[in-house]
Amino acid sequence: MIVVKLQGGLGNQMFQYAFGMSLSANLNTPLYFDAGFANKGNDDFIARAYELANFNHTINIAVEQLINSFLRPGSIQRLFNKMGIHKNTIYTENSLKFNPSVFHIKPPAYLNGFWQSENYFKVNEALVRENLTFKQPLNSQSQHLANILANQGNAVSVHIRRGDYVSSQTTNQIHGICSVRYYQQAIAALQSKLDNPYFYFFSDEPEWVEENIIFGLANCCLISHNQGPDSWQDMALMSKCKHHIIANSSFSWWGAWLNPAKEKIVIAPQNWFNTQTDYFNDTDIVPKNWIKMANA
């Protein structure tokens, strides 16, 4: 049995779910999730809620007693751990760089990390795609757009992440934001590669996008109707586009990855973080077949 801690927003939780699902399949052991991460937010981080209920899958939420057996073990369990008998292991990710050593962990184990690389679940890609299908129907506006996308040749999703990347000093210091120049160059690159591309813009600050990026751009549309609990529908719509320009955001990463087309073109930021450190190492976040472009 393994327990995977959930943390962060929808995109991060999807990485943790995909990792846990794949590791559970490899180890042939039951999978549980610690969903006790939900918080009210503070000056540094916005509030996060459990969002995996958006998908068609069965998920086992670990009860407090199970979580405590790892994080707050009783005297008998501590003795077992010391003796190596029925030992409970806690594995904490020490870098966002892909680390294959986690595949050799022995259950029962509690895993704490973000697991932001498809290398953690690529071997079970079909299983991940099957389970990460959206459960709820699209609202009427989104369904209308999905019908258009199904029949449009070179639809390109463009995701601009701002929100806490701008408002939170801590988050901004870690991630920064992709520049207007990044989006202009990425759009120009796809205009040179594709016949009659049509760009669909998604953002948590649509007014800023309208004023700073799409002003004067032909063949484009700004999607702004999915807010709050409907935000997942933006990801669903992005995945229905043929090609993608993403931000340094797990939300748009999944919007591009969920598109199963082998011939898709995905342009991603060269730098996922403002500064590379031992932990904030983006070497393995962007898949090898995606195009990296300078985003400063």
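With N the number of residues in the range 196-296, Rg(Cα) / (2.2 N^0.38 Å) evaluates to 1.12.
Amide H contacts for C220 (H built 1.01 Å from N in the peptide plane; partners 5 or more residues away or on another chain; cut-off under 5 Å): F199.
Modelled this way, with points 7 Å down the Cα-to-C-beta line, the labels at H104 and N289 are 3.0 nm from one another. Beta bridges assigned by DSSP with both partners in the chain are antiparallel in approximately 5 percent of cases.
Only protein heavy atoms count here; on that basis, with a 1.4 Å probe, D164 has an accessible area of about 20 Å². Considering only H104, H175, H159, the mean-square fluctuation computed in a Gaussian network model of the chain, springs between alpha carbons under 10 angstrom, is largest for H104. Remark: the V166-Y50 segment gains 39.4 nm on full extension, using 0.36 nm per residue and subtracting the alpha carbon distance. FRET efficiency for the C221 to R72 pair, using the beta carbon distance and R₀ = 51 Å, is estimated at 0.50.
Ignoring ligands, DNA and RNA, what percent of the 1.4 Å accessible area of the range 116-252 is carbon and sulfur? Could you put the intermediate results ahead of the total?
On the way: 2880 of 6180 Å².
Using a 1.4 Å probe with all protein chains present, the range 116-252 comes out at 47 percent carbon and sulfur.
The Cβ shell under 15 Å around V209 holds other residues with a net charge of -3, Lys and Arg each +1, Asp and Glu each -1. Contact order for the range 164-255, expressed relative to its length and based on alpha carbon pairs under 8 Å spaced 6+ residues apart, stands at 24 percent. Full extension of the chain between E210 and S192 gives 4.2 nm of extra length, using 0.36 nm per residue less the Cα-Cα distance. When the chain is treated as a GNM with alpha-carbon contacts under 10 Å, the residue of S22, S95, S69 showing the greatest mean-square fluctuation is S69. Hydrodynamic analysis of the range 131-288 uses the Kirkwood radius over alpha carbon pairs. Inserted into Stokes-Einstein at 37 °C and 0.692 mPa s, it gives a translational diffusion coefficient of 203 µm²/s. Rolling a 1.4 Å probe over the heavy atoms of the protein chains gives the chain an accessible area of 48 Å² per residue. Legend: distances between Cα atoms for K240/K292; K97/K193; K87/K135; K242/K288; K97/K135; K97/K292; pairs beyond 28 Å are K97/K193; K87/K135; K97/K135.
Looking at the range 143-226 from every direction and averaging, what is the projected area of its Cα convex hull in nm²? Provide the component values of the computation, followed by the final result.
Working: hull surface 24.8 nm².
For the range 143-226, averaging the hull's shadow over all directions gives 6.2 nm².
Remark: the range 15-27, residue by residue, has Karplus-estimated 3J(HN,Hα) of 4, 5, 5, 4, 4, x, 4, 5, 5, 4, 5, 5, 8 Hz, where x stands for each Gly or Pro and the curve is 6.51 cos²θ - 1.76 cosθ + 1.60 at θ = phi - 60°. One way to sum up the overall shape of the chain is the equivalent ellipsoid from its Cα gyration tensor, whose semi-axes run 36, 20, 18 Å, largest first.
Label separation (R181 vs F37): 3.4 nm, computed from points 7 Å beyond Cα along the C-beta direction.
The values are calculated or read from the model by the stated rules, or taken from the named source; none is laboratory data. Fair warning: this is a prediction, and the values are worked out from it, not measured in the lab. Reconstructed Cβ throughout: ideal geometry from the backbone, glycine too, with neighbour counts over all protein chains shown. Please note that ligands, DNA and RNA were not included when accessible areas were found on the heavy atoms of the full protein model with its side chains. Shrake-Rupley method; radii C 1.70, N 1.55, O 1.52, S 1.80 Å.
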